[in-house]
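Structure first, then comments.
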Amino acid sequence: MSLKVAAVQMQTGPSKDENVAAAMAMVEEAAGQGADLVCLPEYFTYLGPEERYGEVAETVDGETLSGLGDLAARYGILIHAGSLVEPSPYAGKFYNTSVLIDRAGKQHGLYRKMHLFDIDVPDEVTDQESAFTAPGEELIVVVLPEFAAGMSICFDLRFPELYRVLAAAGAQVLFVPAAFAYATGKVHWKVLLQARAIENHAYVVAADQEGDACGHPLWGHTMIIDPWGAVLAEREAGGAGVIYADIDIAEVERRREQVPVLSVRRPDLYEKPVRIENVGPETRI
C-alpha cells in the first residue's frame, strides 16, 4: 500500500480560533496536493499559558475535531489530529489528547499522552507538564485498511519500550506529533526519531511545532523517516509549512523480514530480575 503523507509544521499561539483556522487551511492545502494522510502537531489548537487550559479545552466530539472529520470525509483523506487540550475528570488537570480520523470522517485511536514533559536542564529548558496535565493509561494501535498506526505524543519519544510494544502489536507507522523544545531538539530530535524507526522497522511521522508561545523556544524540523532510518522529508527552513513523502507499507514488512528484531525478541527474559555483580569496593551502580 503506497500513500502520500503530509506532515504539517505549525507556529501555534494563544489564539485558538487563529490556530484552528491555520490547521484547517494546511490540511486543505495538503489535500489539494494529493495527500492521502495529513498529520498535525501536538497542541495544534493552543500554545500559551496553561492557566487558560480551562478556556481552550475541548472534548473529542467538539467543534475542532468534528471540523477535521468533515474535511477528511470531503477530501477522502486520513487525518492524524496531532493533539489538543481535552478536559479530564481531575480537578485542575487536562489530557493531552490525539485521535486518528479515517476517510469517512470517523475518529479512532483516542490516545492520551502518557509520559509528561517534566524536565529541568539548567539555563536551557525547564517545564512541568504534569502540573496541568493528567497522564494517559492506554497504548493504542489503530488497524486501518491502509496500515496499522501506533499512537504517541512528543516526550513519549524518549521511551523506546513504548514503541517496541506498539510495533510488536503490529504498528507499521508511528506518529510522533510534538512541540519539542529547541534546547533538546537540536541534539536529540533527529537521532531519537531515526532510532525509533530503525529499532522497529517502521515509518515515523513527526509533525512538530516551532516558535516560543509555550514559554520556551520550540525546535520545528518536522520529519518523515522510513523503516531503514532514512529521512524522506524534513522541514529544515523555519516557519509553518507542509512536507510530503511517499511511503510504501510493504517496505515495513520487507525490512522486518531482513532484520527480524520483533520475532527474535525475548520478552520472557526481560521481565526477570537482573543479576548484578559488584566487583570490588570501587564499583558503583
Single match in Val60, Val85 (criterion: within 20 Å of Tyr111 (Cβ to Cβ), without any contact (Cβ under 8 Å) to a residue 60 or more places away in the chain, buried (at least 19 other Cβ atoms within 10 Å of the Cβ) and not hydroxyl-bearing (Ser, Thr, Tyr)): Val85
Residue among Ala206, Ala168 that is small (Gly, Ala, Ser) and within 11 Å of the chain's Cα centre (by Cα): Ala206
Checklist (1) surrounded by fewer than 18 Cβ atoms within 10 Å (Cβ to Cβ); (2) within 13 Å of Glu42 (Cα to Cα) applied to Ser98, failing item: (1)
Members of segment 140-170 that are over 17 Å from Leu193 (Cβ atoms), of a type outside the set (Gly, Ala, Ser) and part of a helix (DSSP H, G or I): Val165
Out of Arg275, Arg196, Arg255, Arg266, sole residue that is on the phi < 0 side of the Ramachandran plot, crowded, with 20+ Cβ neighbours inside 10 Å, out of contact with any helix residue (DSSP H, G or I) (no Cβ under 8 Å at 6 or more places or on another chain) and of a type in the set (Lys, Arg): Arg255
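Kindly indicate whether Leu47 is out of contact with any Cys (no Cβ under 8 Å at 6 or more places or on another chain) and either within 30 Å of Gln128 (Cα to Cα) or not in a loop (DSSP other than H, G, I, E, B) (or both).
Spelling it out, it is not the case that Leu47 is out of contact with any Cys (no Cβ under 8 Å at 6 or more places or on another chain) and either within 30 Å of Gln128 (Cα to Cα) or not in a loop (DSSP other than H, G, I, E, B) (or both).
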Any chance Glu161 is without any contact (Cβ under 8 Å) to a residue 24 or more places away in the chain and farther than 24 Å from Glu28 by Cα: yes
Near pairs, Cβ below 8 angstrom, 6+ apart or cross-chain, from segment 65-79 (assigned to a helix (DSSP H, G or I)) to any residue that is among the acidic types (Asp, Glu): Leu65/Glu58; Leu71/Glu28; Ala72/Asp102; Tyr75/Glu28
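I want to confirm something. Restricting to segment 115-139 and keeping residues that are within 20 Å of the chain's Cα centre (by Cα) and part of a strand (DSSP E or B), which single residue is nearest to His188 (Cα to Cα)?
Residue satisfying both the conditions and the ranking: Ile119.
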Residue in segment 69-79 that is within 24 Å of Cys214 (Cα to Cα), surrounded by fewer than 18 Cβ atoms within 10 Å (Cβ to Cβ) and over 13 Å from the mean Cα position of the chain (by Cα) present: no
Lone unmet requirement of (1) farther than 24 Å from Asp61 by Cα; (2) more than 16 Å from the chain's Cα centre (by Cα); (3) without any contact (Cβ under 8 Å) to a residue 40 or more places away in the chain for Ala104: (1)
Residue among Ala31, Ala7, Ala25 that alone is closer than 17 Å to Gly239 by Cβ, out of contact with any Asp or Glu (no Cβ under 9 Å at 6 or more places or on another chain) and of a type in the set (Gly, Ala, Ser): Ala25
Output for segment 97-114, where each listed residue is in a strand (DSSP E or B) and among the hydrophobic types (A, V, I, L, M, F, W, C): Val99, Leu100, Ile101, Leu110
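Coordinate-derived values only; no laboratory data. As the structure is a computational prediction, the values presented were derived from the model and not from experiment. No Cβ is skipped: glycine too gets one built from the backbone with ideal geometry, and neighbour counts run over all protein chains shown.
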